[in-house]
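Undergrad: Okay, here's the structure, questions in a sec.
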Amino acid sequence: MTRARGRSLVDVHAHFLTDRYVADATAAGISQPDGMPGWPSWDVDDHLTAMDDNDIARSILSISSPGVHFGDDSAAADLARHVNEHAAALTAEHRPRFDFLASLPLPCVQAATDEAAYAMDTLGALGVIMLSNNGSRYLGDPSLDPLWEALDRRRAVVLEHPTSPPDAESVSSGRPRPMLEFMFETTRTVTDLLSARVPERFPNIRFVIPHCGAALPVLMDRIELFREMVPNPSGREMSRLTTREQLQRLSFDLAGAAFPGHAAALVDAVGTDRVLYGSDFCWTPAALVHRLVVAMDAQETDWRALTTDNAERLLSR
């Protein structure tokens with residue numbers, strides 16, 4: 001039975017597209033992004049309708065994988081500026097329905113740092129979206145420290161978002177990479193973040209990990225076991241916190257097939273006070289978004305009230 005609606009949802013994991021963005025990606029040879037059949041459609045009216053149909057009061061917009069860097073640093077910086085200014089205009093026009101997370105032209109760290117500063121200081125972004133790897137560099141890479149420093153100073157929200165792994169075709173066996181590879185990408189890059197102690201060294205950054213933390217709730221004890229047996233591969237001092245304790249300092253969204261099993265594993269790992277709602281619209285079609293919301297509302301836990309309270313705390317400026 002579906003729970004009667006109470007609190008409206010805050011969607012921390014929602015995506016948008018622009019015509020130019022899709023055209024630039026297609027021109028770069030990306031017509032089936034991450035092994036998907038093609039690009040979804042997006043317009044603001046469709047997004048607002050999907051929000052209304054599911055009692056979503058506010059969506060935090062971002063550009064999903066494959067991001068804005070298609071091989072040329074200058075073009076990536078220009079495309080990041082385009083999508084960020086477009087998102088800022090949408091936010092201003094439809095406030096308070098929308099906020100946004102800025103795209104960054106990684107792997108160029110200086111350009112990404114400059115864009116993060118402009119997006120947050122001038123455009124009003126809440127923070128940034130960062131792909132799990134950028135040019136095969138994962139998020140614990142020491143070259144990213146200047147970017148982390150800039151984001152820490154601004155108390156940025158950082159949504160980690162999976163993308164295709166290096167040499168994706170050899171491991172995906174023709175499957176769309178969001179099916180399995182995205183989950184392993186998030187697991188891999190968050191493990192890298194923790195090994196490099198990024199959340200501890202930059203404690204003002206508010207990290208959001210998607211898709212119920214991917215495989216982390218299941219693998220965290222195995223990660224901890226190996227952390228005790230093998231020296232830290234980053235060469236840095238190891239955290240005094242256990243893997244579970246480190247994960248409990250991050251936030252996690254429910255995008256994807258969270259119920260019944262995945263959300264339960266997440267709560268067992270990190271509790272409930274850092275769990276957020278995420279739709280993954282427009283890459284998740286409106287009908288499927290609705291089906292997943294119905295499944296959430298049918299649970300004994302009032303996920304609407306819980307995730308909305310958590311989001312309001314997390315996103316407070």
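Undergrad: Search the structure for amide H atoms under 5 Å from the amide H of ARG7, placed 1.01 Å from N in the peptide plane, and list their residues when 5 or more places away or on another chain.
TA: Hits under the 5 Å cutoff: ALA305.
Undergrad: Rounded to whole Hz and in sequence order, give me ³J(HN,Hα) for the stretch 126-143 from the Karplus expression 6.51 cos²θ - 1.76 cosθ + 1.60, θ = phi - 60°, writing x for Gly and Pro.
TA: Residue by residue, the stretch 126-143 yields 6, x, 9, 9, 10, 6, 4, 9, 9, x, 6, 9, 8, 6, x, 4, x, 5 Hz.
Undergrad: At 7 Å along Cα-to-Cβ for each site, give me the label-to-label distance between GLU245 and ALA295 in nm.
TA: 3.5 nm
Undergrad: Additional query: By count of other Cβ within 10 Å, fewest leading, how are CYS282, CYS212 ordered?
TA: Fewest to most other Cβ atoms nearby, the residues stand as CYS282, CYS212.
Undergrad: What residues qualify as long-range amide H neighbours of PHE98, i.e. H under 5 Å apart, gap of 5 or more or another chain, H built at 1.01 Å from N?
TA: SER59
Undergrad: I want the local charge near GLU237. Using Cβ-Cβ distances under 13 Å, sum +1 for each Lys or Arg and -1 for each Asp or Glu among the other residues.
TA: Cβ neighbours under 13 Å give a net charge of +4.
Undergrad: Mind ordering 107-116, 35-44 by average Cβ neighbours within 10 Å, highest first?
TA: Descending mean neighbour count gives 107-116, 35-44.
Undergrad: If I require 18 Å or longer along the helix axis, counting alpha carbons, and a Kyte-Doolittle average no lower than -0.5, what helices from the chain are left? Use full DSSP H segments.
TA: Helices meeting the span and hydropathy rule in the chain are 73-94, 181-195, 216-229.
Undergrad: Would you grab the residues whose amide H sits under 5 Å from the one on ALA215? Only those 5+ places off in sequence or on another chain, please, with H modelled 1.01 Å from N.
TA: Those lying under 5 Å, H to H, from ALA215 are THR187.
Undergrad: What number comes out for the charge environment of GLY278, summing +1 per Lys or Arg and -1 per Asp or Glu over other residues with Cβ under 11 Å away?
TA: Spelling it out: positives minus negatives among the neighbours equals -3.
Undergrad: Another question about this same structure. Suppose every K and R has +1 on its Cβ and every D and E has -1 on its Cβ; what is the size of the dipole of the stretch 10-315 about the Cα centre, in Debye to the nearest 20?
TA: Dipole magnitude for the stretch 10-315 comes out near 700 debye.
Undergrad: Moving on to the next point. When the distances between all Cα atoms of the stretch 10-315 are binned every 10 Å from zero, what whole-number percent does each bin get?
TA: 6, 29, 38, 23, 4, 0
Undergrad: Fewest first, what order do VAL68, VAL294, VAL230, VAL158 take by the number of other Cβ atoms within 10 Å?
TA: Taking fewest neighbouring Cβ atoms as first place, the list is VAL230, VAL294, VAL68, VAL158.
The numbers here are math on the coordinates, done by the rules we state, and not lab data. What you are looking at is a predicted structure, and each value in this text was computed from that prediction instead of being measured. Please note: Cβ atoms are built from the backbone with ideal geometry, for glycine as well, and neighbour counts cover all protein chains shown.
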